[in-house]
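First the structure, in the form of C-alpha cells, and then the observations on it.
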Amino acid sequence: MMTPYKRAMSSLALSPQARERIEGRLRRKPVRRRAVRPAVTAAVLLALVLGTTAMADGVFSHDIPAAIVQSLTPVRLSDTSQGITMTVQSAGVEDGVFTAYITMQDQRGSGRLARGVGIYDSYRINTPFRSDLVASGCTPLGYDEASQSYGFLVQIRARDGQNHPLDFSNGRFTFSVRQLLLEQERGQATAFRPDWSGVPLVPVDTAQYILGGSGKDFETYSGWLAGGEALTLQPGGWEMPLIEGVSISAAGFMGDQFHLQLRFDGDGPDDHGWFDLLTPMGVAVQNPVNLAFRDEDGTKYEERVYNISPEDLPGCTLSGVFTTGGYLLDGNWTVTFSLEK
C-alpha cells in the first residue's frame with residue numbers, strides 16, 4: 001500500500017535536468033533511513049525536492065535528495081550579521097546523525113553570494129555530553145538567483161571515547177557560523193595530455209607534515225611516518241603550469257602507485273582542486289589517497305595518488321577544476337532551536 005507521500009512522488013513529473021541532479025546526489029551519498037520522524041506535508045516535501053520556493057513566507061529551497069528531506073523537521077529561524085541572513089530552514093536527527101538545511105541570503109542585494117559562498121571550517125553545533133570525536137561535513141547546494149540565497153546541507157556525527165555514536169536527540173541545538181568564504185575564482189583544465197615520458201620512475205621523496213587528506217586508503221597509506229608526517233614527492237621535480245596560480249609541481253612513481261602533486265601559489269584562505277586521471281578509453285583511474293601539506297614558506301600542496309603502472313600511463317589525460325582566491329568575512333551567525341520528538 002502506498003503512503004500519501006509515495007503517491008505524490010510517483011505522480012510528479014520531473015524535468016530530465018532535475019531528475020539527473022537528484023539521482024546523482026543519491027548515488028554519491030546514499031543514506032539509509034529506518035524511520036520518518038517529522039510530520040511534514042507532501043506539498044512541502046515536493047517543493048524541497050524540486051528546488052522551488054517552498055512557501056509564500058520566504059522559505060527558499062534547493063535540490064535535496066528525497067531520502068534526506070523525509071528526515072527533516074521545519075525550523076525556519078534566522079540570524080543576521082554583516083548584512084547576510086543565515087536561516088536554519090529545517091533539521092533532524094536520525095541514526096545518530098544531525099542534519100540541517102541552511103541558507104544564506106544577502107540582505108543588501110549586492111550579489112556577494114552569487115559567485116559562491118562557503119562556511120569554511122567555522123560552523124559549530126553544541127554536541128552531546130561526553131563527545132570525544134565530532135565528524136562534520138557540509139555539501140554546497142548552490143545559489144538561487146530569485147531569492148539571492150545560497151544553500152548548504154550540514155551533517156554532524158558525534159562519538160565517545162570508545163567510538164560509540166552519541167544521541168543528538170535531547171535538548172536544544174545551537175548552530176553557529178563565524179566566517180564566510182566569498183568570491184573565490186574557479187579555473188578548469190580539461191582533457192589535456194602531458195608528455196608523460198618526462199615523469200621520473202624513481203622520484204625524490206621527502207617527509208612532510210600532513211594537514212589533511214581523503215580517500216578510502218588515506219589512513220592505511222604506506223608512506224606514513226611518525227608524528228603525523230608522511231612521504232611525499234619532493235616539490236619541484238616536474239613543473240607544469242595549469243591555470244594562473246596553480247601548477248603541477250612534481251610527479252612520479254612511489255612503490256607501485258603514481259603520485260601527482262599540485263602547488264597553489266596564491267594566498268587564498270582555501271585554495272584547492274582536484275584531478276581526474278583518465279585512460280585513453282575515458283575511464284577514471286582509481287584515486288585512493290589524497291594528501292595536503294604546506295612547505296616552510298606556507299605554500300600549499302595537494303598530492304594525489306593513483307593506481308596505475310608506468311606502462312599504462314602513456315595516452316592518459318588529465319581533467320581538473322581548481323578553486324582559488326577569495327576572502328573571509330567575519331561575522332556571528334547563531335540560531336538556537338529545538339526539534340520535536
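The figures follow:
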| quantity | calculated |
| --- | --- |
| Failed item, numbered, when Gly320 is tested on (1) free of Cβ contacts under 8 Å to residues at least 40 places away in the same chain; (2) farther than 12 Å from Val285 by Cβ | (1) |
| Index of the failed condition, Tyr143 passing every other in (1) modelled with pLDDT of 70 or more; (2) exposed (fewer than 14 other Cβ atoms within 10 Å of the Cβ) | (2) |
| Residue that is most open to solvent (accessible area, probe 1.4 Å), among those in region 252-265 that are in contact (Cβ under 8 Å) with a residue 40 or more places away in the chain and more than 21 Å from the chain's Cα centre (by Cα) | Asp256 |
| Identity of the residue in region 266-294, within 22 Å of Asp195 (Cβ to Cβ) and among the polar types (S, T, N, Q), that ends up farthest from the chain's Cα centre (by Cα) | Thr279 |
| Top-ranked residue in region 271-294 [being in contact with a Gly (Cβ under 7 Å, 6 or more places away or on another chain) and assigned to a loop (DSSP other than H, G, I, E, B); ranked as most open to solvent (accessible area, probe 1.4 Å)] | Pro280 |
| Subset of region 216-246 [modelled with pLDDT of 90 or more, part of a strand (DSSP E or B) and either surrounded by fewer than 17 Cβ atoms within 10 Å (Cβ to Cβ) or of a type in the set (D, E, K, R) (or both)] | Trp224, Glu229 |
| Residues within region 295-329 that are more than 21 Å from the chain's Cα centre (by Cα) and open to solvent by 10 Å² or more (accessible area, probe 1.4 Å), tallied | 14 |
| Candidate set from region 330-341 (those that are open to solvent by 30 Å² or more (accessible area, probe 1.4 Å) and in a strand (DSSP E or B)); member that is nearest to Ala207 (Cα to Cα) | Asp330 |
| Exclusive hit being at pLDDT below 75, farther than 14 Å from Val97 by Cβ and over 18 Å from the mean Cα position of the chain (by Cα), set Arg130, Arg108, Arg172 | Arg130 |
| One residue from Arg178, Arg186 being part of a strand (DSSP E or B), of a type in the set (Lys, Arg), in contact (Cβ under 8 Å) with a residue 12 or more places away in the chain and under 30 Å from Leu77 (Cβ atoms) | Arg178 |
| Any hit, region 193-203, residues being open to solvent by 30 Å² or more (accessible area, probe 1.4 Å), modelled with pLDDT of 85 or more and in contact with a Ser or Thr (Cβ under 8 Å, 6 or more places away or on another chain) | yes |
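The values are calculated or read from the model by the stated rules, or taken from the named source; none is laboratory data. No experiment lies behind these values; they were computed from the predicted model shown. Neighbour counts are summed over all protein chains in view; Cβ atoms, including those assigned to glycine, are modelled from backbone coordinates with ideal geometry. The accessibility values were calculated without ligands, DNA or RNA, using every heavy atom of the protein model including side chains. Shrake-Rupley method; radii C 1.70, N 1.55, O 1.52, S 1.80 Å.
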